[in-house]
Amino acid sequence: MWISAADAARRLKVNRQTLYAYVSRGFIRSEGVPGRPRVRRYSSEDVERMRRRSEERRDPEKAAGNALQWGMPILESSISLIASGRLYYRGHDVSALARSRTIEDVASLIWTGAFGCDFSETPLHVVAGGKSAEGLPFVTRAQAMLPLVSVRDPLALDLRPGAVAQAGWRIVNLLTSVAAESSQLEPEIEQTLANAWKPKGSGAAALIRAALICCADHELNVSAFTARCIASSGANPYSVVVGALAAIEGVRHGGASARVEGLFREVRRARNLRAALTARLRRGEKLEGFGHPLYRDGDPRAKLLFDLLREHYPKSKELAFALDVSSACEDILGEKPTIDYALVALTQTLKLDEGTPLTLFALGRSIGWIGHAIEQYATGAMIRPRAKYVGLLPPA
């Protein structure tokens, strides 16, 4: 969104000359107005960011509070970068990684900073298949299994970077075994899942691989922050993943996909798609899975998954339905689909069970949690912010 010079100066509480100085120093973007050669307009996003910074310099306590709500960074990390509408892992575009690299490559990149880490000699833990946990969601089963395995893994207590990377590969494969409910692991994680889930179509394994890579990390989201807090206490990486799993299944995080699945179920029966979607809004219900605060022009992870779905399943009725719903929601909201929506579209197209979007999200994101744990262990510091007390004061 672009605003006039007068509006920008008013929001910043500065004069025009100061506004122009911000532009010349690259703090605020500007562009010409078509048909008005002497008039320029200014990025409202940049203006708002400058306004916030000015307020935070005057009020440090307010700065600390805003940092926890889509605000300024509060921890340093070299894993993920969100810039210019793209997502990068250690400088590599995620869309390119999802098309060209293996899950093992991406894990190596996130955990060590380079491709080529050898996990071939890492002893893997698996779980037996069977009916004992039938009906329980993936997150519940994973949280029950991780502590049991950790006590049998003496190497879990070695918190040096290389050792944690090896433990990370054991954890990711354990989670794969839990997701597949099988002790039979293929060389590739996506093939293990494809064998167990039996998705529709020959391109399913490639799509599962791409989805897991797209979900591997996303800056300092709530589950990654949880992972770092736990790691900062000196807890082992199994405990890090257990805690992060508790965070990711919340409906404001990875659990949002369950609401998208509910949206699909409801509007599938509707004769008039737009009317059904509008009715949800009239009832005060959200159209889940649209509009990501960090991507003004749309979530690049969702775009990639839809591109791959079109390539592999061009005649899919399920994909056509997902695209119709997406198009209608975009028209109504003016917002594009997020990774949550794309994961539901993917699993519906592949005819996978309900709940699989969260499984893919959590399994992929476990790679990032291990990466954040490695970074946090290396600092040797404990995350312990102070609380600003606003309750009843004691007697004088």
**Prompt:** Do we have any residue at all in the stretch 118-138 that's of a type in the set (Ser, Thr, Tyr) and modelled with pLDDT of 95 or more?
**Reply:** no
**Request:** Look through ALA387, ALA342 and report the one residue that is of a type in the set (Gly, Ala, Ser) and in the same structural domain as ALA244 (by TED's automatic domain parsing).
**Result:** ALA342
**Request:** Considering only the stretch 14-34, state which residues are within 36 Å of the chain's Cα centre (by Cα), in a loop (DSSP other than H, G, I, E, B) and exposed (fewer than 13 other Cβ atoms within 10 Å of the Cβ).
**Result:** ARG25, GLY26
**Complete:** Among the residues of the stretch 77-125, the number that are assigned to a loop (DSSP other than H, G, I, E, B) and of a type outside the set (A, V, I, L, M, F, W, C) is 16
**Asked** Among the residues of the stretch 198-207, is there at least one that is in contact with a Pro (Cβ under 9 Å, 6 or more places away or on another chain), farther than 25 Å from GLN348 by Cα and not in a loop (DSSP other than H, G, I, E, B)?
**Response** no
**Asked** Would you pick out the residues in the stretch 248-257 that are of a type outside the set (Val, Ile, Thr) and part of a loop (DSSP other than H, G, I, E, B)?
**Response** GLU249, GLY250, ARG252, HIS253, GLY254, GLY255
**Request:** Taking only the stretch 272-321 into account, find how many residues are in a strand (DSSP E or B) and farther than 17 Å from ARG86 by Cβ.
**Result:** 1
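For every residue, the table says whether it meets (1) closer than 27 Å to ALA163 by Cβ; (2) basic (Lys, Arg); (3) touching a helix residue (DSSP H, G or I) at 6+ places or on another chain (Cβ under 8 Å); (4) touching a residue at least 24 places away in the same chain (Cβ under 8 Å).
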| residue | (1), (2), (3), (4) |
| --- | --- |
| SER233 | yes, no, no, yes |
| TYR238 | yes, no, yes, yes |
| GLY243 | yes, no, yes, no |
| GLY250 | no, no, yes, yes |
| SER257 | no, no, yes, yes |
| GLU261 | no, no, yes, yes |
**Message:** Out of the residues in the stretch 35-67 meeting the condition of being more than 18 Å from ALA6 (Cα to Cα) and over 32 Å from the mean Cα position of the chain (by Cα), tell me which one is modelled with the lowest pLDDT.
**Reply:** ARG58
**Asked** Taking the stretch 208-231, which residues are outside any loop (DSSP other than H, G, I, E, B), under 24 Å from ARG384 (Cβ atoms) and within 11 Å of the chain's Cα centre (by Cα)?
**Response** VAL222, SER223, ALA224
**Prompt:** What number goes with the only condition from (1) within 20 Å of ARG365 (Cα to Cα); (2) of a type outside the set (Lys, Arg); (3) in contact (Cβ under 8 Å) with a residue 12 or more places away in the chain that LEU157 does not pass?
**Reply:** (1)
**Request:** Given the conditions (1) of a type outside the set (A, V, I, L, M); (2) modelled with pLDDT of 95 or more; (3) farther than 24 Å from ASP105 by Cα; (4) out of contact with any Asp or Glu (no Cβ under 8 Å at 6 or more places or on another chain), report the number of the one that HIS218 does not fulfil.
**Result:** (3)
**Asked** Out of all the residues in the stretch 158-174, is one or more in a loop (DSSP other than H, G, I, E, B), surrounded by fewer than 13 Cβ atoms within 10 Å (Cβ to Cβ) and out of contact with any Cys (no Cβ under 8 Å at 6 or more places or on another chain)?
**Response** yes
**Prompt:** Restricting attention to the stretch 349-395, which residues are within 30 Å of GLU311 (Cβ to Cβ) and in a loop (DSSP other than H, G, I, E, B)?
**Reply:** LEU350, LYS351, LEU352, ASP353, GLU354, GLY355
**Request:** For the stretch 212-231, state whether one or more residues are in contact (Cβ under 8 Å) with a residue 12 or more places away in the chain and of a type in the set (Asp, Glu).
**Result:** yes
**Fill in**
Being surrounded by fewer than 24 Cβ atoms within 10 Å (Cβ to Cβ) and not aliphatic (A, V, I, L, M) narrows ASP340, ASP353 down to just ASP353
**Checking VAL241 against (1) closer than 30 Å to LEU220 by Cβ; (2) β-branched (Val, Ile, Thr); (3) part of a helix (DSSP H, G or I); (4) at pLDDT below 95, the condition it does not meet** = (4)
**Asked** So which of VAL260, VAL267 ends up being at pLDDT below 95, assigned to a helix (DSSP H, G or I) and buried (at least 20 other Cβ atoms within 10 Å of the Cβ)?
**Response** VAL267
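The values are calculated or read from the model by the stated rules, or taken from the named source; none is laboratory data. Please read these numbers as outputs of a predicted model, since none were measured by experiment. In this analysis, Cβ positions are derived from the backbone assuming ideal geometry, glycine residues included, and neighbour counts consider all displayed protein chains.
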